[in-house]
Amino acid sequence: LLVGLVWVLALSQLSMCLVGWCALLSVVSFVSYQQDKQAALQQRWRVPEKRLHSLDIWGGWPGGLLARQIWRHKTSKTTFVVVFWITVLVNVLATVWLWHKFAQYLPLAF
């Protein structure tokens, strides 16, 4: 939770566009993890892991991180956890690179 909050605060210093994008995808990711957990408990069709990782890598990882902690979902499957943290790292690095490359074209937070 702390990691996600720090990331959102960092983004808010960069651009409101990035904050909005991250917030939107975080909500979608959060809901997707919740639906997957409920489907697992009810032995129904599951949300594909590829979809969860896609949401995380495109910026929804704070919501995914929060959902994983709240519902204790996808926290013990080692391969999922490793790929999750790789998606976080890729997203953070890509965001920093894009900001550095295109900062002059993005609206500032203030």
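Below is a table of values for the structure above.
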| quantity | calculated |
| --- | --- |
| Neighbourhood charge, 11 Å Cβ-Cβ cut-off, centred on R68 and excluding it, Lys, Arg +1 and Asp, Glu -1 | +2 |
| Solvent-accessible area of W99 with every protein chain in place, 1.4 Å probe, in Å² to the nearest 10 | 40 |
| Scaled radius of gyration (Cα, divided by 2.2 N^0.38 Å) that region 12-89 gives | 1.09 |
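The values are calculated or read from the model by the stated rules, or taken from the named source; none is laboratory data. Just so you know, these numbers come straight off a predicted model, no measurement behind them. With ideal geometry, Cβ positions are generated from the backbone for all residues, glycine too; neighbour counts draw on all protein chains shown. All accessible areas refer to the heavy atoms of the entire protein, side chains included, with ligands and DNA or RNA removed. Shrake-Rupley method; radii C 1.70, N 1.55, O 1.52, S 1.80 Å.
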